[in-house]
Amino acid sequence: MPKRVTWSQYRESIGDRSGLFAALAGAWSIERALYPGSYVDLSPSTAFGLVTYVDNDARAARFFADPDLVRAELAGLTGPGVDPEVRFLAGDYTKPLDVPEGSMDLLISLYAGPVSEYCRRDLRPGGLLLANTSHGDASVAALEPDVRLVAAVHHANAGYRLVTDGLETYLVPKRPETADAVRIRSSGRGIAYTRSAAAYLFEVP
Ligand SMILES: C[S@@+](CC[C@H](N)C(=O)[O-])C[C@H]1O[C@@H](n2cnc3c(N)ncnc32)[C@H](O)[C@@H]1O
């Protein structure tokens with residue numbers, strides 16, 4: 001049996017992202033979110049009605065298999081009017097997922113590999129991609145002509161702030177020759193920018 005890990009334990013090491021998702025919920029209409037490579041980060045469920053988590057780690061499967069524990073972990077932490085429905089898919093997000101194609105309002109890609117490459121089909125047209133540069137997802141999205149940056153996310157003193165003005169000053173490569181999607185994917189790492197943010201929110205056509 002895998003070791004028991006909970007979100008409350010995990011957020012002691014990575015912090016609590018609930019404020020980030022509350023900020024997104026306050027600014028965009030998001031009901032359904034997909035979080036491939038979530039591990040046990042339950043924070044999106046504090047803000048959104050239906051979140052589908054995906055992970056191939058047995059510890060995540062063990063956590064999400066206990067609905068009483070998941071409910072207890074969320075108790076008192078959900079935003080106004082949020083009645084969270086939590087789904088978990090155990091498996092590899094690079095394979096087709098058991099979710100209605102084109103149904104998600106938000107795809108979350110944080111520290112978990114090339115999520116947007118494999119799971120973009122699950123986003124509805126005009127859906128949102130939240131990505132950081134850790135494994136290159138934000139850097140690749142930034143190079144796609146139809147994908148539009150709609151917010152930069154800043155993180156300081158355990159709080160989150162969304163910036164929606166002056167977005168043209170973000171995602172400007174420090175070294176233009178590094179802005180190559182094939183290179184970024186093969187390295188599995190994002191590139192450096194003249195102005196950086198903790199994460200980026202994109203609208204995907
Ligand atoms: C570094 S952790 C990040 C967890 C969480 N996204 C966060 O930001 O705190 C990466 C997670 O992605 C999962 N993962 C990586 N590749 C995966 C894949 N192809 N399918 C499913 N899960 C994957 C790992 O099992 C791990 O739990």
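For Thr46, state whether it is more than 13 Å from the chain's Cα centre (by Cα), of a type in the set (Ser, Thr, Tyr) and surrounded by 22 or more Cβ atoms within 10 Å (Cβ to Cβ). Yes; evaluated as a whole, the condition is true for this residue.
Thr133 - would you say it is more than 16 Å from the ligand (Cβ to nearest atom), of a type in the set (Ser, Thr, Tyr) and in contact with a helix residue (DSSP H, G or I) (Cβ under 7 Å, 6 or more places away or on another chain)? In short, no. Which ones in segment 91-127 are outside any loop (DSSP other than H, G, I, E, B), of a type in the set (D, E, K, R) and within 14 Å of the ligand (Cβ to nearest atom)? Passing the criteria: Glu117, Asp122.
Inside segment 19-30, residues that are buried (at least 18 other Cβ atoms within 10 Å of the Cβ) and more than 19 Å from Ala152 (Cβ to Cβ) make up a count of 0. Of the residues Ala90, Ala60, Ala72, Ala23, the single one that is under 20 Å from Leu129 (Cβ atoms) and at pLDDT 95 or above is Ala23. Ile14 fulfils the conditions (1) at pLDDT below 95; (2) farther than 27 Å from Phe202 by Cβ except for a single criterion, (2). Can you find, within segment 120-144, the residue that is surrounded by the most Cβ atoms within 10 Å (Cβ to Cβ) among those that are within 14 Å of the chain's Cα centre (by Cα) and small (Gly, Ala, Ser)? The qualifying residue surrounded by the most Cβ atoms within 10 Å (Cβ to Cβ) is Ala138.
Checked against the criterion of being in contact with a Ser or Thr (Cβ under 8 Å, 6 or more places away or on another chain) and within 12 Å of the ligand (Cβ to nearest atom), segment 79-87 contains not a single residue that satisfies it.
Of all residues in segment 3-17, exactly one satisfies the criterion of being surrounded by 13 or more Cβ atoms within 10 Å (Cβ to Cβ), assigned to a helix (DSSP H, G or I) and of a type in the set (S, T, N, Q), namely Ser8.
Filter segment 31-43 down to residues that are within 10 Å of the ligand (Cβ to nearest atom) and either hydroxyl-bearing (Ser, Thr, Tyr) or not in a strand (DSSP E or B) (or both) and give me whichever is surrounded by the fewest Cβ atoms within 10 Å (Cβ to Cβ). Walk me through it before giving the result.
Step one: filter segment 31-43 for residues within 10 Å of the ligand (Cβ to nearest atom), giving 35-41, 43.
Still in the running and either hydroxyl-bearing (Ser, Thr, Tyr) or not in a strand (DSSP E or B) (or both): 35, 37-41, 43.
On the way: Tyr35: 29, Gly37: 23, Ser38: 26, Tyr39: 19, Val40: 23, Asp41: 22, Ser43: 24.
Here the residue is Tyr39.
Scanning segment 146-179 for residues that are out of contact with any strand residue (DSSP E or B) (no Cβ under 7 Å at 6 or more places or on another chain) and in contact (Cβ under 8 Å) with a residue 24 or more places away in the chain yields Asp146, His155, Ala158, Gly159, Thr169. Kindly indicate whether Arg59 is in a helix (DSSP H, G or I) and exposed (fewer than 15 other Cβ atoms within 10 Å of the Cβ). Judged against the criteria, Arg59 is not a match. Pairs linking a residue in segment 88-99 that is under 18 Å from Asp41 (Cβ atoms) and hydroxyl-bearing (Ser, Thr, Tyr) to a residue that is assigned to a loop (DSSP other than H, G, I, E, B) and near the ligand (Cβ under 7 Å from one of its atoms), with Cβ atoms under 9 Å and 6 or more positions apart or on different chains, are Tyr93/Gly37; Tyr93/Asn56; Tyr93/Ala112; Tyr93/Gly113. Could you please give the count of residues in segment 140-178 that are in a loop (DSSP other than H, G, I, E, B) and of a type outside the set (D, E, K, R)? Count: 11.
The values are calculated or read from the model by the stated rules, or taken from the named source; none is laboratory data. Owing to the predicted nature of the structure, the values given are computational and were not obtained by experimental measurement. Cβ sites come from the backbone with ideal geometry, for glycine too, and all protein chains shown count toward neighbours.
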